Amino acid sequence: MGLPQTVETGANVKRKRVSEDSPARTHQSQLQQKRIKLLDSRKQLPIWQRQKNIRDALRDHDVLILSGETGSGKSTQVPQFLLDQPWCGFPGKIAVTQPRRVAAISLARRVAEEMGTPLGSSSPASKVGYSVRFDESTSPSTRIKFLTEGMLLQEMLRDASLSQYKCVIVDEVHERSVNIDLILGFLKQLQTRRKDLKVVVMSATADADSLQRFFAAQILEDTQHDPKPVSSDSRANGDPEMDADDASWHGFGDEVQRSSSNIATCHVEGRQYPVITRYLDNPTEDTIEAALHRIFQIHCKEPTPGDLLVFMTGQEAIQSLQKLVEEYALGLTTDYPKMLVLPLFAALPQAAQQLIFQPAPRNTRKVILTTNIAETSVTVPGVRFVVDTGKAKVKQFRNRLGLDSLLVKQISKSSADQRKGRAGREAAGQCYRLYTEEAYKSLDKDSTPEVLRCDLSQAVLTMKARGVGDVLRFPLLTPPPKEAMEKALLQLLELGALDEHGNISPIGRKIARLPLTPALGRVIIEAATSEMDCLVEVIDIVACLSVEHIFLAIDTDEGREKAQVARRQLLRRQGDHLSYLAAVQAYAAEQSDRRRWADDHMISHRAMQSVMDERIVKCFLRGFSSNVARACPDGSYKTFAGNQTVAIHPSSVLFGRKVEAILYNQFVYTNKAYARDVSVVQLRWLEEALDGMA
Ligand code: CDP
């Protein structure tokens, strides 16, 4: 028998006092205070009114297609609405896919705050975590996991049934990347085997028809063999809970209705204040100059406070513009607020990406220079002005060259409208389009899905590695021409990634694990064979091919002659590849001033730095990613592959030091797991290196 509750002994009074004041208790109460504070703003989100509809829809259907403006609350609220549903069970998990790391991490952080739970691996009790390349932050009790599309596809390699999840939410489907299309196809197939799996497809554009047809087609096929019961209270049969007049629930035509009884659709109106749009009178070629001019016009002439969001094409344009804005800002008098210029692009290290979410200091205007990351994927608070160059870098398969290239292209009307909408999330705003109104009118309505414009060999290899036999019958939302699929199959056969029966070969499996196109992956694997044994050199060359051009472009004859002389020792008569290698080796050997060396040889210092960072990949590729571990908050290290705890061996010069991440040659187990022959690596290198090559 224990003591009656009212009797307090000296010992348990003391224990109680300690636990009340303990740091853990304080932290817990801070989390709860934050949760309660955020609840009010959650209730203001347009989607809050829809939570019953959403829960009911998934109680009665297997698939929910949810469309709603960016900022309406889809990504943050829907997983929370579903977590306590009986079908989700315990400890059923919900996966939410994101196209980008920055969104996956910031959403996980936000949802953890809203739920009053610690984030990811920081506590074993954490309910919300994330998983992005090289950074998995989850705990045994994680229930909601935000992960990049690539990571979900990786998880499917280990567990094709995704058995730990009760629900997969595919977010940002309007982006229509190949990864999204592949995931939709896999989920559609998986639902025929896993009747308990719910799928939510979320999109910022209202066009749900094609998604509905896509999922309906599969259900039709399945019902021929295994008829799904039509629930008696589903909308198709008149759900009394749902408002029949509610125009935002799309009705189905009779014929589709029968086959679509497992698909619900819902549209959430966004919160949008009016945005005034302004165009240029005459077209301009120089978007950097035009953006610079417009940024200062707004900053100096607009008395309204509010931050600027400037959509540029890519990293180089952003960095050039950042330099210019910062230079010009130095010349501003103290009559004007200060300017804080923040870049945002995928290859930017995480810590720098997260800066955009911090409020600007007093009397300062944030000027965020972004790629299309900020179009729909992340919500940046405080923005009132949008400047849109109307362009974006897109991957495009060039038939003649037989390879993918990144090309600067005009965006679509729907992208332009998304960009504009970013100015009106919190108050009325203004959007300056750096093109004419006629140019806007001539834009394509929607962007072409990536699957129709890129080389399909990587997508086909992804399918093969996950057990798809007949890739021509794999369900794709927009099926590419049969010839394009056949060409990809042929290419994989030529690379030795498939055997003559079309099955994936051992080499194909290795290539599928590399974040490279199959062709470059094959090159690396060839270089690593004992006959060739030139992996280090080949990786230097692959890195040069993956960054901006290392030899600076020169337009005049005179300049070209000068460059010939300056680079004489680096140029190889065999051609560019070996010349790149010579340049990298000479740069790496330079001990004193690498920047000067680069200037003297008319070589891009920045490109060289990227190449050097990417050289780290050679370590990675040698061990195929299994030999790197990152530091955890408690001082231990965890391997990327397998998430195993490992300590630095006492024989290492790094013993006792805490560094961000380590690379090691040996994994030994004595009284515990040790890494031996250890070197420091920076996560940023790995991230940038592999992202640049992806
Ligand atoms: O998915 P959707 O674009 O519909 O909206 P969301 O990402 O769920 O964002 C809803 C709101 O949550 C935003 O307007 C922000 O106020 C807030 N939010 C945030 O503060 N930090 C984030 N990382 C994400 C959202």
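In what sequence, highest mean first, do 519-532, 277-290 appear when ranked by Cβ atoms within 10 angstrom?
Ranking the peptides 519-532, 277-290 by packing returns 519-532, 277-290.
Measuring from centroid to centroid over Cα atoms, what is the spacing of region 465-496 and region 274-339 in Å?
45
Taking amide H positions as placed 1.01 Å from N in the peptide plane, with prolines and chain starts having none, which residues 5 or more places from L147, or on another chain, fall under 5 Å of its amide H?
Under 5 Å from the amide H of L147: V96, T97, Q98, S131.
Under the classification rounded if a/c is under 1.5, otherwise prolate if a/b is larger than b/c and oblate if not, where does region 556-595 fall, given a ≥ b ≥ c as square roots of the Cα gyration tensor eigenvalues?
Oblate is the answer for region 556-595, as a/c is 1.5 or above yet b/c matches or exceeds a/b.
When the dipole is taken about the Cα centre of region 280-385, and only Lys, Arg (+1) and Asp, Glu (-1) are charged at their Cβ, what size is it in debye, to the nearest 20?
Computed about the Cα centre, the dipole is about 500 debye.
So between R513 and Q609, what do we pick up on full extension, going 0.36 nm a residue minus the alpha carbon distance?
Taking R513 through Q609 to full extension adds about 32.0 nm, to one decimal.
Would you please classify the overall shape of region 627-671 from the alpha carbon gyration tensor, given that a ≥ b ≥ c denote the square roots of the eigenvalues, rounded means a/c under 1.5, and beyond that prolate means a/b larger than b/c while oblate covers the rest?
The shape class here is rounded.
Compute the length gained on full extension between R572 and Q350: take 0.36 nm times their separation in residues and subtract their Cα-Cα distance, giving the result in nm to one decimal.
76.1 nm
What ranking do 26-37, 191-202 get when scored by the average of other Cβ atoms within 10 Å per residue, highest first?
The peptides rank, most packed first, as 191-202, 26-37.
What ³J(HN,Hα) values, in whole Hz, does the Karplus curve 6.51 cos²θ - 1.76 cosθ + 1.60 give for region 174-180 when θ = phi - 60°, with x put for Gly and Pro?
4, 5, 6, 6, 4, 4, 5
Per residue of region 90-105, what does 6.51 cos²θ - 1.76 cosθ + 1.60 with θ = phi - 60° give for ³J(HN,Hα)? Whole Hz please, x for Gly and Pro, Karplus curve as stated.
Going residue by residue, I get 9, x, x, 9, 10, 9, 10, 8, 9, x, 10, 4, 4, 6, 4, 6 Hz, with x marking Gly and Pro.
For V386, enumerate residues with amide H under 5 Å from its amide H, sequence gap 5+ or separate chain, H modeled in the peptide plane.
Answer set, sorted by chain and number: L309, Q430, C431, Y432.
Place a point 7 Å from Cα of L157 in the direction of its Cβ. Which residues in region 520-547 have their backbone N less than 17 Å from it?
Within reach of a label on L157: 520-526.
Sequence neighbours fewer than 8 away in the same chain don't count; with that in mind, list the lysines whose C-alpha is under 22 Å from K487.
List returned: K395, K464, K510.
Among K188/K409; K323/K391; K366/K445; K638/K672; K34/K127, which pairs are too far apart, with a Cα-Cα distance over 24 Å?
Correct reply: K188/K409; K366/K445.
Give me the one-decimal Kirkwood hydrodynamic radius in Å for region 113-179, with the sum taken over alpha-carbon pairs.
12.9
Looking at the square roots a ≥ b ≥ c of the eigenvalues of the Cα gyration tensor of region 340-395, which shape do they give, rounded for a/c under 1.5, prolate if a/b is larger than b/c, or oblate?
oblate
Place the peptides 586-598, 421-433, 469-481 in order of packing, highest mean first, counting for every residue the other Cβ atoms within 10 Å and averaging per peptide.
So the order, starting with the most tightly packed, is 421-433, 469-481, 586-598.
Between L406 and D600, what length comes free when the chain is fully extended (0.36 nm per residue of separation minus the Cα-Cα distance, one decimal in nm)?
66.9 nm
How far apart, in nanometres, would the label points at L38 and S679 be if each is projected 7 angstrom from Cα along the Cα-to-Cβ direction?
4.0
Hey, what do the phi angles of region 458-467 turn into as Karplus ³J(HN,Hα) couplings, whole Hz, using 6.51/-1.76/1.60 and θ = phi - 60°, x for Gly and Pro?
5, 5, 5, 5, 4, 5, 4, 5, 9, x
A short reminder: the numbers here are calculations on the coordinates, not readings from a lab. Keep in mind that this is a model prediction, so the values were computed, not measured. Positions of Cβ are backbone-derived with ideal geometry, glycine not excepted, and every protein chain shown enters the neighbour counts.
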